[in-house]
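Engineer: Before I ask anything, here is the structure I am working with.
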Amino acid sequence: MKLAGRVITEGHAEGEALVSREAIGFFGGVDPETGAVVEPGHELEGQSIAGKILVFPRGKGSTVGSYTIYRLCKKRVAPAGMINAESEAVVAVGAIISDIPMVDLIDISQIRTGDKVIISGDTVQVNNIDSL
C-alpha cells in the first residue's frame, strides 16, 4: 500500500516499522546512548528505536528533544526514518539536523509494528506483515 504525506526531511529510508499510538518525548523518554524507550508506562518502554522506521502520532515535551534525536544519530542508534500523523517543531528540527528522512500527514493507523516500510520523498510504501 502507498501513502502520501508531507516531506519534513527529504530522503530515502527502509526498515521494519515500530509503531506507537502514543506521542513520544525524546528528552527523558528515549535513552540517547542506546536508543531504548525509557519513559515509564509508555507502550514502547524497553524497546529500541535504533534502525527502525519509527511511526508515532507526534512528539511531546522539551525542545531539548531535538538535540536528543541528534545525539541518537551521533551514537548510531537513531531511527532510520520517522513517520508522524502530524509533526511538531521539536521532532521536525531533530530530524532535519540529524538528516533522518521524515514524513507527516500520514494515516498511521494503516501501519503496524513489523511491517516493512519504505520512505521515499513524500511517499510511504507499506508492505504489511500479513502479506509478506
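Engineer: With unit charges on the beta carbon (Lys/Arg positive, Asp/Glu negative), name the residue among Val38, Ser120, Tyr70 whose Cα is farthest towards the positive pole of the charge dipole of the range 1-122.
Structural biologist: Positive-most Cα among the choices belongs to Tyr70.
Engineer: Taking each pair of distinct Cα atoms in the chain once, what is the resulting Kirkwood hydrodynamic radius in Å? Before the final figure, lay out the partial values.
Structural biologist: Details: mean 1/r = 0.0713 Å⁻¹.
Its Kirkwood hydrodynamic radius stands at 14.0 Å.
Engineer: Also, I was wondering about something else. Choose one answer from Ile111, Ile96, Ile53: the residue with the largest mean-square fluctuation in a GNM of the chain with alpha-carbon springs under 10 Å.
Structural biologist: Ile96
Engineer: While we're here: Would you order Val64, Val19, Val91 from fewest to most other beta-carbon atoms within 10 Å of each residue's own beta-carbon? Display every interim value, and only then the final one.
Structural biologist: Details: Val64 15, Val19 20, Val91 28.
The fewest-first ordering by Cβ neighbours comes to Val64, Val19, Val91.
Engineer: Please state, to two decimals, what the Cα-based radius of gyration of the range 3-58 comes to when divided by 2.2 N^0.38 Å (N = residues).
Structural biologist: Dividing the Cα radius of gyration by 2.2 N^0.38 Å gives 1.17.
Engineer: Further question: Nearest 5 is fine: what % of DSSP beta bridges in the chain come out antiparallel, could you say?
Structural biologist: DSSP beta bridges in the chain are roughly 65 percent antiparallel.
Engineer: Further question: Per-residue ellipticity at 222 nm for the chain, helices alone: DSSP H runs ≥ 4 residues times -39500 (n - 2.57), over residue total, nearest 500 deg cm²/dmol?
Structural biologist: Taking each H run of at least 4 residues, the total per residue is -4500 deg cm²/dmol.
Engineer: If the reach is capped at under 14 angstrom between alpha carbons, list the aspartates and glutamates near Lys74, excluding any in the same chain fewer than eight residues apart.
Structural biologist: The qualifying aspartates and glutamates are Asp31, Glu33, Asp99.
Where a number appears in this text, it was derived from the coordinates with a stated rule and is not lab data. Since the model is a prediction, treat every value here as computed from it, not as a measurement. Glycine gets a Cβ as well: all are built from the backbone with ideal geometry, and neighbour counts include every protein chain shown.
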